[in-house]
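Q: Take this structure, written in structure tokens, and hold onto it; I'll ask about it next.
The values are calculated or read from the model by the stated rules, or taken from the named source; none is laboratory data. Predicted, not measured: the structure shown is a model, and the values here were computed from it. Please note: Cβ atoms are built from the backbone with ideal geometry, for glycine as well, and neighbour counts cover all protein chains shown.
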Amino acid sequence: MTDLSWLTARPVAHRGFHDMNKSRWENTLSAFAVAAERGYAIECDVHLSSDGVPIVIHDDDLQRLTGQDGFVWQRSAAELAALKVGGTADHVPTLQDALDLVDGRVPMVVELKGTPGRDEGLVARVGKMLKRYKGKAAIMSFDHWLIRDFPRHAPGVPAGLTAYGKDAKLIEAHFSMLAHELSFTSYAAGDLPNPFVSFVREKLKMPVITWTVHDQPAVDLTFRYADQMTFEGFEPDLVKVA
């Protein structure tokens with residue numbers, strides 16, 4: 001089994017070390033720079049542009065983050081790079097921009113955001129970029145159709161399921177994804193404990209990180225039932241880890 005101790009060695013900054021979008025916005029180079037300087041791993045979100053470039057942005061709709069109408073998949077990488085995030089000096093970055101900035105200093109955990117009918121090639125392009133990246137990096141997704149492509153289009157890149165929930169149907173769906181060469185799980189902290197997380201962690205010895213941790217109760221749940229947290233809105237080194 002691949003050694004993923006690097007994935008759980010330090011807290012993971014959710015969309016970088018932002019300030020809840022006051023002046024340093026999520027998924028920007030500024031947020032990634034601060035996370036890297038403080039030694040936190042970085043989680044980021046990726047969509048495909050109209051010309052097939054992996055773009056770092058959470059929403060498929062541009063309105064919340066850029067004030068523009070339309071969707072990420074309707075614009076080219078160059079058009080997206082011209083957009084400012086939250087009215088700041090930061091522009092919408094490509095994944096390559098983020099990788100170049102971080103430059104292997106801390107791990108990168110890249111969440112692939114699927115858009116049915118608009119995401120062909122997303123796994124392959126991100127997989128190719130991470131295979132040649134000199135730093136530690138992993139991919140993950142909520143989207144089962146993307147996860148099914150991980151082994152074929154991103155071989156050798158540590159791959160994870162992003163998941164939530166406790167009800168039987170969701171847990172069953174999560175178990176079905178284990179057929180696709182997963183090597184870790186990112187699970188909603190508020191939905192711990194549950195049979196899926198217990199199984200993959202205890203029986204498969206698979207690392208589990210949590211999302212998104214905002215307060216001490218979520219920190220406590222994380223370190224009782226998982227291995228590391230994806231956090232935002234506070235300084236992890238200042239909280240008590242049970």
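Q: Suppose the filter is among the polar types (S, T, N, Q) and closer than 25 Å to PRO155 by Cβ; does GLN96 pass it?
A: The answer is yes for GLN96.
Q: Scan region 108-149 for residues that are assigned to a loop (DSSP other than H, G, I, E, B) and either closer than 19 Å to HIS58 by Cα or touching a Ser or Thr at 6+ places or on another chain (Cβ under 9 Å) (or both) and jot them down.
A: Hits for region 108-149 are LYS113, GLY114, THR115, PRO116, GLY117, ARG118, ASP119, GLU120, GLY121, PHE142, ASP143.
Residue by residue, here is whether (1) farther than 20 Å from ASP227 by Cα; (2) touching a Ser or Thr at 6+ places or on another chain (Cβ under 6 Å); (3) surrounded by fewer than 16 Cβ atoms within 10 Å (Cβ to Cβ) holds:
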site: PHE32; (1), (2), (3): yes, no, no
site: CYS44; (1), (2), (3): no, no, no
site: ASP60; (1), (2), (3): yes, yes, no
site: HIS91; (1), (2), (3): yes, no, no
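Q: Taking the condition surrounded by fewer than 20 Cβ atoms within 10 Å (Cβ to Cβ) and in a helix (DSSP H, G or I), does PRO193 pass?
A: no
Q: What is the residue count in region 1-30 for residues that are closer than 18 Å to ILE139 by Cα and either surrounded by 24 or more Cβ atoms within 10 Å (Cβ to Cβ) or within 13 Å of the chain's Cα centre (by Cα) (or both)?
A: So the count comes out to 8.
Q: For region 202-239, name all the residues that are under 20 Å from ALA159 (Cα atoms) and surrounded by fewer than 18 Cβ atoms within 10 Å (Cβ to Cβ).
A: Scanning region 202-239 gives GLU202, LYS203, LEU204, LYS205.
Q: As an exercise: evaluate GLY86 against (1) within 17 Å of GLY135 (Cβ to Cβ); (2) assigned to a loop (DSSP other than H, G, I, E, B); (3) touching a Leu at 6+ places or on another chain (Cβ under 7 Å) and give the number of the one condition it does not meet.
A: (1)
Q: Counting only residues that are in contact (Cβ under 8 Å) with a residue 60 or more places away in the chain and assigned to a strand (DSSP E or B), which one in region 150-190 is farthest from the chain's Cα centre (by Cα)?
A: PHE184
Q: Hey, does region 209-219 have a residue that's more than 25 Å from MET20 (Cα to Cα) and either in a helix (DSSP H, G or I) or over 18 Å from the mean Cα position of the chain (by Cα) (or both)?
A: The answer is no; no qualifying residue exists.
Q: Same structure again: Kindly indicate whether GLY86 is among the small types (Gly, Ala, Ser), surrounded by fewer than 16 Cβ atoms within 10 Å (Cβ to Cβ) and over 14 Å from the mean Cα position of the chain (by Cα).
A: Spelling it out, it is not the case that GLY86 is among the small types (Gly, Ala, Ser), surrounded by fewer than 16 Cβ atoms within 10 Å (Cβ to Cβ) and over 14 Å from the mean Cα position of the chain (by Cα).
Q: Of everything in region 89-107, what is out of contact with any Leu (no Cβ under 7 Å at 6 or more places or on another chain) and assigned to a strand (DSSP E or B)? Give them in sequence order.
A: THR94
Q: Further question on the same structure: Before we move on, is PRO116 in contact with a helix residue (DSSP H, G or I) (Cβ under 8 Å, 6 or more places away or on another chain) and buried (at least 18 other Cβ atoms within 10 Å of the Cβ)?
A: Spelling it out, it is not the case that PRO116 is in contact with a helix residue (DSSP H, G or I) (Cβ under 8 Å, 6 or more places away or on another chain) and buried (at least 18 other Cβ atoms within 10 Å of the Cβ).
Q: Could you list all residues from region 201-223 that are of a type in the set (Asp, Glu) and either modelled with pLDDT under 95 or farther than 20 Å from ALA13 by Cβ (or both)?
A: Answer for region 201-223, where residues must be of a type in the set (Asp, Glu) and either modelled with pLDDT under 95 or farther than 20 Å from ALA13 by Cβ (or both): just GLU202.
Q: So ALA168 fits all but one of (1) aliphatic (A, V, I, L, M); (2) modelled with pLDDT of 95 or more; (3) closer than 26 Å to THR2 by Cβ; what number is the exception?
A: Of (1) aliphatic (A, V, I, L, M); (2) modelled with pLDDT of 95 or more; (3) closer than 26 Å to THR2 by Cβ, only one is false for ALA168: (3).
Q: Any residue in region 116-144 that is closer than 22 Å to THR185 by Cα sitting within a Cβ distance under 6 Å of a residue that is surrounded by 15 or more Cβ atoms within 10 Å (Cβ to Cβ) and charged (D, E, K, R)? List the pairs, counting only those 6 or more apart or interchain.
A: These pairs meet every condition: VAL123/ASP149; MET140/GLU111.
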